[in-house]
Amino acid sequence: MTPATMAPMGRVLVIAGSDPSGGAGIQADIKTITMLGHYAATAITALTVQNTISVTEAHGIEPHLVRAQAEAVLRDVGADAIKTGMLHSADLVSEVVAIIRGEAFSGAVVIDPVMVATSGDKLLDHAAVSLIKSELIPLATLVTPNLPEAQVLTGMPLETDDDMREAGQKILDMGAGAVLMKGGHQNRRTLTDFLITPSRTLSLSVPKVDTRHTHGTGCSFASAFAALLAAGHTLDDAFPVAHAFIQEAIAKAPGFGAGHGPLGHARVGRHDS
């Protein structure tokens, strides 16, 4: 197949933090987008010191440098979708809003509202959360909270499927185009994800896998959506493809690390592993 006959390559600008162990953050985003056949560019928001066991340090990049990285990409390579991850301060959230508005960005915007660490510790202060709700979410094509993040955004407990659907509606009411309510934190034998839009709710359920190798699942799921949207897929079409990618990446995790290990991004679609 010559370049002239290849399917268009979607371009995704990821604005997120770095994970040196390769399991989450920018590194997981790049792996996901690349394995789906699309192009990843990045604006790094934070440098962390972490592995599968713990995060020991995190240093936020100055917001003006994050904006400069993003604008350099948008004004040359361009982007068909923007995906955000770890935004460490209210000032940085404001800069990301300014990037999207200032460049009159017309592509998809996927917001992964990274707010709560695996340990349960909150990663953002009240001012940053407030700005995400009032300024960033209204720009989103899709918001992808896990259950602890959805609780922070909505202030409601999330114990049942009805709770998840109600929380998703509350996030829609904040101005989001659609919400992916992820059920990975459910304490059940069957886990359900809901794609909630103003006109419909779709769901996909899978048996819970007994594994500790799920580090970066949320980053990867959001990036899979961003890559597919960048390539012109609809939300409805992207949902089962992104969902299947994550399930296979979990199933094919390489088993690295003594803690919450990384996914097997590079093994998705392969039958020799």
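The values are calculated or read from the model by the stated rules, or taken from the named source; none is laboratory data. Keep in mind that what you see is a predicted model, and the values were worked out from it rather than measured. Every residue, glycine as well, gets a Cβ built from its backbone with ideal geometry; the counts of neighbours run over all protein chains shown. Surface accessibility is based on the protein's heavy atoms, side chains included, excluding ligands, DNA and RNA. Shrake-Rupley method; radii C 1.70, N 1.55, O 1.52, S 1.80 Å.
The convex hull around the C-alpha trace of the chain, projected and averaged over every direction, spans 14.2 square nanometres. Charge dipole of the chain (Cα centre as origin; +1 on each Lys and Arg Cβ, -1 on each Asp and Glu Cβ, all else neutral): 560 debye, rounded to the nearest 20.
The alpha carbons of segment 179-273 stretch over 43, 32, 21 Å along the principal axes, in descending order. Taking only the alpha carbons of segment 142-194, we obtain Rg and Dmax values of 10.0, 33 Å in that order. Estimated from the Cβ-Cβ distance and a Förster radius of 25 angstrom, the FRET efficiency linking L47 and R101 is about 0.40. The stretch between T201 and Q247 holds 14.5 nm of extra length on full extension. This uses 0.36 nm per residue minus the Cα-Cα distance. For segment 47-191, compute Rh as the Kirkwood radius over C-alpha pairs and then the Stokes-Einstein diffusion coefficient at 20 °C and 1.002 mPa s; write the answer in µm²/s, rounded to an integer. So the translational diffusion coefficient is about 133 µm²/s.
Among the protein heavy atoms, those of F105 account for about 40 Å² of accessible surface (1.4 Å probe, every chain in place). V93 contributes an accessible area of around 0 Å² to the protein surface, as traced by a 1.4 Å probe with all chains present.
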